[in-house]
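Enquirer: Mind having a look at this structure? Questions to follow.
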Amino acid sequence: MATAQNRKQKSAPGEIDIPQLRRRLLRWYDRNRRDLPWRSDNPDPYAVWLSEMMLQQTQTATVAPYYAAFLQAYPDVFALAAAPRGDVLAMWAGQGYYRRAHNLHDTAKIVAEELDGVFPNTVDGLMKLPGVGRYSAGAIASIAYDVCAPILDGNVKRVLSRVFAIEQSQSDPQTIATLWGISGKIIPRKRCGDFNQAMMDLGATVCTPKVPKCDTCPFKKICIANNRGLTDVIPPARQRRIPTRLDLTALVVEANGYVLLHRRADSGLWAGMWELPNVEANGKSIDDVCEAILPATIRKSLGKLSKSRGVQHQLTHRSVRFKVFRGSCKKVRLPKTFQWARADDTLPLPKAFQKVLSAV
DNA sequence: AAGCCGGGGGT
DNA sequence: ACCCCAGGCTT
């Protein structure tokens, strides 16, 4: 009798031997775990939190050097809380998603000033911190405190979709709810941090989006997608969006070794970061551009501008093209939203502007 | 529910 | 060229 109940059971956790899944995964992890800088037998919640903020939508290889630099500059939450915002942003420059850097600093202050420097050890407590959602809270709680909280990131989504043959779109809220449910169901009572990290390692190194290495997978025998030859169609491809074009004219204004920077708004693209003065091109003349984005004091002493070669920069949702002009002037006093930066310093600039600067 | 927010590793 | 990455937040 093919009742709805029976059909539901077919791809429900009931079909998988959960204790066996746990044993297989932890045994695999003991032999094959990645050696990552933030891993430790005695985890420091601050270091775990720091790594998780950096790892949001960012691969481990990209994070590693930033993580090392942050931990050296700010060995504990009090050091980070005491740092000027500009220093934190400058160290984050190049990593993208700059809102994370603001949240990082805000959270450090909250923990240092209101929580005696101690990170919460519950999912609810952690989720009150800016930039910490359900995934990050579960990851920090389980890894730093061995609390048995589930996680669901891109890796775990993919692994669970395949093992339990969840065929629906990964972005469907219903599917996400189902996957959270499974993640909570399979997490063991012990070694929860290891278990969660093992799921992510498996997704990153074995259960990959393309050409998964099913022959070396600890779930080879129990994975429904593998048993039915469905690993190519689970999870289904998401529809991708076309980046929109953004044409900017940027100015490189120098004054004996310094370059003129402007501070961006606290929200939106490159939030709170610094930029080379720029504006949407829209057919503007160079005089119009200067009028639009330069303080009057600069314009007065600015020599003739020369055109440099253009720069192209790709974002996930934007395709940015820069026209670049270069000129020099006196090192005059500036409004607060501008600053003179030494051209040879590590500048608090997003990659796009680093690229423009290195091109001239 | 959908859009926004960066940059890069891997293929 | 195209996939997606230890997601969170706003509208």
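Enquirer: For an R0 of 35 angstrom, estimate the FRET efficiency from the Cβ-Cβ distance between A:Leu36 and A:Asn227 and round to the nearest 0.05. Walk me through the numbers before you get to the answer.
Expert: Working: r = 31 Å, r/R0 = 0.89.
Computed FRET efficiency for A:Leu36 and A:Asn227 comes out at 0.65.
Enquirer: For A:Lys300, go through the lysines and keep the ones whose alpha-carbon is under 21 Å away, minus same-chain ones fewer than eight residues off.
Expert: Excluding near neighbours in sequence, the set is A:Lys284, A:Lys330, A:Lys331, A:Lys336.
Enquirer: Further question: One quarter of the convex hull surface, Cα atoms only: what value does that give for chain A in nm²? Display every interim value, and only then the final one.
Expert: Details: hull surface 86.1 nm².
Convex hull of Cα atoms, orientation-averaged projection: 21.5 nm².
Enquirer: If you put +1 on each Lys and Arg Cβ and -1 on each Asp and Glu Cβ, how big is the dipole of the stretch A:248-340 around its Cα centre, in Debye rounded to 20? It would help to have the intermediate numbers written out before the result.
Expert: Values: 16 positive and 7 negative charges, 57 e Å.
Using Cβ point charges on Lys, Arg, Asp and Glu, the stretch A:248-340 gives about 280 debye.
Enquirer: Next question. Under a Cβ-Cβ limit of 4.7 Å, which cysteines in chain A have nobody to pair with?
Expert: If one checks each Cβ against the other cysteines of chain A, A:Cys207, A:Cys214, A:Cys217, A:Cys223, A:Cys290, A:Cys329 turn up with nothing under 4.7 Å.
Enquirer: A further question on this structure: Using amide H atoms built in the peptide plane, which far-off residues or other-chain residues are under 5 Å from A:Arg318 H to H?
Expert: When sequence neighbours closer than 5 places are left aside, the close amide H contacts are A:Thr244.
Enquirer: Further question on the same structure: Using the Kirkwood radius over Cα pairs, work out the Stokes-Einstein diffusion coefficient for the stretch A:244-359 at 25 °C and 0.890 mPa s, in µm²/s as a whole number. Walk me through the numbers before you get to the answer.
Expert: Details: Rh = 14.4 Å.
Answer from the Stokes-Einstein relation: 171 µm²/s.
Enquirer: Follow-up question, since we're still on this one. Would you list which lysines come within 20 Å of A:Lys157, measuring only between C-alpha atoms, while excluding same-chain residues fewer than 8 positions from it?
Expert: Those lysines meeting the cut-off are A:Lys8, A:Lys10, A:Lys185, A:Lys210, A:Lys213, A:Lys220, A:Lys221.
Enquirer: Of all DSSP beta bridges located in chain A, what percent are antiparallel, nearest 5?
Expert: Working: 19 of 30 bridges.
Restricted to chain A, the bridges split so that about 65 percent are antiparallel.
Enquirer: If each of A:Asp17 and A:Thr62 carries a label point 7 Å out from its Cα toward its Cβ, how far apart are those two points in nm?
Expert: 4.0 nm
Enquirer: State, as an integer percentage, the relative contact order of chain A based on alpha-carbon contacts under 8 Å between residues 6 or more apart. Display every interim value, and only then the final one.
Expert: Working: 532 pairs, mean separation 57.9, N = 360.
Across chain A, relative contact order equals 16 percent.
Enquirer: Out of A:Val63, A:Val233, A:Val156, any idea which swings most in a Gaussian network model of chain A, alpha carbons joined below 10 Å?
Expert: The residue with the greatest mean-square fluctuation here is A:Val233.
Enquirer: Can you give the FRET efficiency to the nearest 0.05 for A:Thr346 and A:Arg27, using r as the Cβ-Cβ distance and R₀ = 45 Å?
Expert: Values: r = 44 Å, r/R0 = 0.98.
The formula returns an efficiency of 0.50 here.
Enquirer: Further question on the same structure: Along the positive direction of the dipole of chain A (beta-carbon charges: Lys, Arg +1; Asp, Glu -1; about the Cα centre), which of A:Ala265, A:Gly229, A:Tyr74 reaches farthest?
Expert: A:Gly229
Enquirer: Of the residues A:Gly133, A:Gly268, A:Gly96, which exhibits the maximal mean-square fluctuation in a Gaussian network model of chain A defined by a 10 Å Cα contact cut-off?
Expert: A:Gly268
Values in this text are rule-based calculations from the coordinates and carry no lab data. Computed from a prediction, not measured in an experiment: that's the story for all the values here. For neighbour counting, all protein chains shown are included, and Cβ atoms are generated from backbone atoms with ideal geometry for every residue, glycine included.
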